[in-house]
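To start, the structure under review is shown below, and the notes come after it.
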Amino acid sequence: MKTNEIYTQMGVSDAVLRFGEQILSELKEPFAHIDEVAEYNQAKVVAAMQKNRLAANHFNLSSGYGYDDDGRDNLERIYADTFHTEAALVRPQITCGTHALALALSANLLPGDELLSPVGAPYDTLEEVIGIRPSTCSLREYGVSYRQVDLLADGSFDYEGIRAAINEKTKMVTIQRSKGYATRPSFSVQQIGELIAFCKECKPDILCMVDNCYGEFVDTIEPSDLGADMVVGSLIKNPGGGLAPTGGYICGKQSCIERCAYRLNAPGLGKEVGANLGLLTSLYQGFFLAPTVVAGATKGALFAAACYEHLGFRVVPGSKEQRNDIIQAVELGSREGMVAFCAGIQAAAPVDSYVTPEPWPMPGYDSDVIMAAGAFVQGSSIELSADGPIREPYAVYFQGGLTWYHAKLGILMSLQKMLEAKLIEL
Ligand SMILES: *Cc1c(COP(=O)(O)O)cnc(C)c1O
């Protein structure tokens, strides 16, 4: 077949192609399910765009203060309608996911308040935002305390511990949907909904924020459908659809979002200011494409899980488990395995395919880190990428792929490099 010819030209051997096709033949059902989710979410996004009468004038550039920027305001209404929330803040001035999370926290927590994480340690970068690791301008410096309840040994919520931790100071609960660089499973929206209901039962006026990074559009519902007061994420992950060049979002209760806008800009200014700098077409079009982009990335994650599971490696989640985000962890068991896997992902990239990723001592990590990425948007992890710290259990975290075919090529290339390094046999 012609497709195989071009794969061969690109260096994928017959053995790898045959193995890939064999694994794929068993994935028809789960792929059909992923397509159904994407179909629903595509309609959900289009419906929100139609309801808000999206038109060409909404793509106009604004500069300076950005007063009366109807395109910016309409994008926020469309996000709010898609996530079924009262309001949204979606801005290129929100520089990344960590910034969006820091904003949601610092805008809604005051001195004397306490923040609770009932799902164990948060994502690495939040440690400095919260002040778990001492840090300038952390919430802790501003007099906001923090408490954490770890998951039980089986990965479930420690409801007794959570009830005991909620006290008169507890103002907000932060729940991270995706596992990040931890080895726990990612939570389903359903599980998050149950946790939110429990926290609100313990204390009705508690605010629940969900770090939704990597989870958007993997399911037909979002945490905001099940009681979250704020859902937060990055536009260079799922909802940017690969086209957003920068930005972050917070969707939620009007009262929470208003405070986020005052914290982002200045008290008194809020949502009224913020030039769009000509980025709106990318933000709108990326959001429009996001459901299918996420479907491609989810198929890639599943294909990787099935291939490497078949070869005897531990994968999280397993190929038969429900997927709650686009991240796939593959425990390769050795430094050589991680290097070969990442070399394959890099070799499949449209950008920087000629470089070879090497482990390096990245600031903030206690071991070397390896990263493979060849992205159009710098650091974008909705584009095909893989990374991980070089330490036990030698796991790479694989994510993204703007199209399923590109994700497939990346995984075939990774298998090829593993085969060449004699780390697998087919
Ligand atoms: C990526 C990520 C963040 C932080 O986002 P950045 O854009 O890298 O700052 C926070 N939480 C989770 C779960 C993430 O995956």
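Could you go through segment 389-399 and let me know if any residue there is surrounded by 22 or more Cβ atoms within 10 Å (Cβ to Cβ), of a type in the set (Phe, Trp, Tyr) and within 22 Å of Leu243 (Cα to Cα). Steps first, please.
Step one: list which residues in segment 389-399 are surrounded by 22 or more Cβ atoms within 10 Å (Cβ to Cβ), which gives 395-396, 398-399.
Next, from what is left, pick out any that are of a type in the set (Phe, Trp, Tyr): 398.
So of that shortlist, the ones also within 22 Å of Leu243 (Cα to Cα) come out as 398.
Yes; the residues of segment 389-399 include at least one that is surrounded by 22 or more Cβ atoms within 10 Å (Cβ to Cβ), of a type in the set (Phe, Trp, Tyr) and within 22 Å of Leu243 (Cα to Cα).
Could you check Thr281 against (1) within 16 Å of the ligand (Cβ to nearest atom); (2) open to solvent by 40 Å² or more (accessible area, probe 1.4 Å) and say which number it fails?
Every listed condition holds for Thr281 apart from (1).
Can you tell me how many residues in segment 116-133 are open to solvent by less than 10 Å² (accessible area, probe 1.4 Å), outside any loop (DSSP other than H, G, I, E, B) and either within 15 Å of the ligand (Cβ to nearest atom) or β-branched (Val, Ile, Thr) (or both)? Break it down into steps so the answer makes sense when it comes.
Here is the first cut: in segment 116-133, the ones open to solvent by less than 10 Å² (accessible area, probe 1.4 Å) are 116-120, 126, 130-131.
Checking which are outside any loop (DSSP other than H, G, I, E, B) leaves us with 116-118, 120, 126, 130.
Add one more test, that the residue is either within 15 Å of the ligand (Cβ to nearest atom) or β-branched (Val, Ile, Thr) (or both), and what stays is 117, 120, 126, 130.
The number of residues fulfilling the criteria is 4.
Taking segment 321-345 as the region of interest, how many residues are over 16 Å from the mean Cα position of the chain (by Cα), open to solvent by 10 Å² or more (accessible area, probe 1.4 Å) and within 23 Å of Asn238 (Cβ to Cβ)?
Residues in segment 321-345 being over 16 Å from the mean Cα position of the chain (by Cα), open to solvent by 10 Å² or more (accessible area, probe 1.4 Å) and within 23 Å of Asn238 (Cβ to Cβ): 2 in total.
Looking at segment 284-327, which of its residues are more than 16 Å from the ligand (Cβ to nearest atom), part of a loop (DSSP other than H, G, I, E, B) and among the acidic types (Asp, Glu)?
Listed by number, the list holds a single entry, Glu321.
In this structure, does Gly71 turn out to be within 30 Å of Gln416 (Cα to Cα), buried (at least 17 other Cβ atoms within 10 Å of the Cβ) and touching a helix residue (DSSP H, G or I) at 6+ places or on another chain (Cβ under 8 Å)? Steps first, answer last, please.
Details: within 30 Å of Gln416 (Cα to Cα): no; buried (at least 17 other Cβ atoms within 10 Å of the Cβ): yes; touching a helix residue (DSSP H, G or I) at 6+ places or on another chain (Cβ under 8 Å): yes.
The answer is no for Gly71.
Could you list, ordered by first residue, the pairs with Cβ atoms under 6 Å in which the first is in segment 192-206 and of a type in the set (A, V, I, L, M) and the second is open to solvent by less than 10 Å² (accessible area, probe 1.4 Å) and part of a helix (DSSP H, G or I), at least 6 apart or interchain?
Hits for this filter: Ile192/Pro223; Ile206/Cys199.
Given the residues Val355, Val330, which is the only one that is touching a helix residue (DSSP H, G or I) at 6+ places or on another chain (Cβ under 8 Å), assigned to a strand (DSSP E or B) and farther than 30 Å from Gly71 by Cα? Write out each step before concluding.
On the way: Val355 fails: assigned to a strand (DSSP E or B).
Of Val355, Val330, the one residue that is touching a helix residue (DSSP H, G or I) at 6+ places or on another chain (Cβ under 8 Å), assigned to a strand (DSSP E or B) and farther than 30 Å from Gly71 by Cα is Val330.
Give the residues of segment 144-179 that are within 16 Å of the ligand (Cβ to nearest atom), open to solvent by 20 Å² or more (accessible area, probe 1.4 Å) and assigned to a loop (DSSP other than H, G, I, E, B), sorted by residue number.
Residue satisfying the conditions is Leu151 alone.
In segment 180-201, which residues are assigned to a helix (DSSP H, G or I) and within 14 Å of the ligand (Cβ to nearest atom)? Before you say what the answer is, go through the steps one by one.
Here is the first cut: in segment 180-201, the ones assigned to a helix (DSSP H, G or I) are 189-201.
The answer is Ile192, and nothing else.
Only one of (1) open to solvent by less than 40 Å² (accessible area, probe 1.4 Å); (2) within 16 Å of the ligand (Cβ to nearest atom) is not met by Ala261, so which one is it?
Among (1) open to solvent by less than 40 Å² (accessible area, probe 1.4 Å); (2) within 16 Å of the ligand (Cβ to nearest atom), the lone unmet condition for Ala261 is (2).
Considering segment 187-236 alone, what residues qualify as being of a type in the set (Ser, Thr, Tyr), touching a helix residue (DSSP H, G or I) at 6+ places or on another chain (Cβ under 7 Å) and open to solvent by 10 Å² or more (accessible area, probe 1.4 Å)? Break it down stepwise before answering.
Step one: filter segment 187-236 for residues of a type in the set (Ser, Thr, Tyr), giving 188, 214, 220, 224, 234.
Going one step further and asking which of them are touching a helix residue (DSSP H, G or I) at 6+ places or on another chain (Cβ under 7 Å), we end up with 214, 220, 234.
Listed by number, the residues that qualify are Tyr214, Thr220.
Enumerate the pairs (first residue in segment 406-426 and under 16 Å from Ala348 (Cα atoms); second residue anywhere and β-branched (Val, Ile, Thr) and assigned to a helix (DSSP H, G or I)) with beta-carbon separation below 6 Å, excluding pairs fewer than 6 apart on the same chain, so at least 6 apart or on different chains.
Partner pairs satisfying both residue conditions: Gly410/Ile345; Leu412/Val16; Ser414/Ile345; Leu415/Val16; Gln416/Val16.
Report, by residue number, each residue of segment 211-234 that is within 15 Å of Ala80 (Cα to Cα), within 15 Å of the ligand (Cβ to nearest atom) and aliphatic (A, V, I, L, M).
Answer for segment 211-234, where residues must be within 15 Å of Ala80 (Cα to Cα), within 15 Å of the ligand (Cβ to nearest atom) and aliphatic (A, V, I, L, M): Ala228, Met230, Val231, Val232.
Can you find a residue in segment 375-383 that is on the phi < 0 side of the Ramachandran plot, within 13 Å of the ligand (Cβ to nearest atom) and in a strand (DSSP E or B)? Show your work before the answer.
Step one: of segment 375-383, the residues on the phi < 0 side of the Ramachandran plot are 375-378, 380-383.
From what is left, the residues that are within 13 Å of the ligand (Cβ to nearest atom) are 377-378, 380-382.
This time we only want the ones that are in a strand (DSSP E or B), so: none.
Looking through segment 375-383, none of the residues is on the phi < 0 side of the Ramachandran plot, within 13 Å of the ligand (Cβ to nearest atom) and in a strand (DSSP E or B).
Name every residue in segment 83-113 that is more than 17 Å from the chain's Cα centre (by Cα) and more than 16 Å from the ligand (Cβ to nearest atom), in order of residue number.
His84, Thr85, Glu86, Ala87, Ala88, Ala107, Asn108, Leu109, Leu110, Pro111, Gly112, Asp113
Determine, yes or no, whether Met362 is free of Cβ contacts under 8 Å to residues at least 12 places away in the same chain, of a type outside the set (D, E, K, R) and either open to solvent by 10 Å² or more (accessible area, probe 1.4 Å) or on the phi < 0 side of the Ramachandran plot (or both).
Details: free of Cβ contacts under 8 Å to residues at least 12 places away in the same chain: yes; of a type outside the set (D, E, K, R): yes; either open to solvent by 10 Å² or more (accessible area, probe 1.4 Å) or on the phi < 0 side of the Ramachandran plot (or both): yes.
When the stated conditions are applied, Met362 passes them.
What number of residues within segment 229-255 satisfy the criterion of being closer than 18 Å to Cys213 by Cβ and in a helix (DSSP H, G or I)?
Residues in segment 229-255 being closer than 18 Å to Cys213 by Cβ and in a helix (DSSP H, G or I): 3 in total.
Can you name the residue in segment 244-258 that is surrounded by 23 or more Cβ atoms within 10 Å (Cβ to Cβ) and within 16 Å of the ligand (Cβ to nearest atom) and, of all such residues, is nearest to Gly97 (Cα to Cα)?
So, considering only residues that are surrounded by 23 or more Cβ atoms within 10 Å (Cβ to Cβ) and within 16 Å of the ligand (Cβ to nearest atom), the one nearest to Gly97 (Cα to Cα) is Gly248.
The values are calculated or read from the model by the stated rules, or taken from the named source; none is laboratory data. Everything quoted here is computed from the prediction, not taken from an experiment. Note: ideal-geometry Cβ built from the backbone for every residue, glycine included; neighbour counts use all protein chains shown. Note: accessible area is taken over every heavy atom of the protein model, side chains too, but ligands, DNA and RNA are not part of it. Shrake-Rupley method; radii C 1.70, N 1.55, O 1.52, S 1.80 Å.
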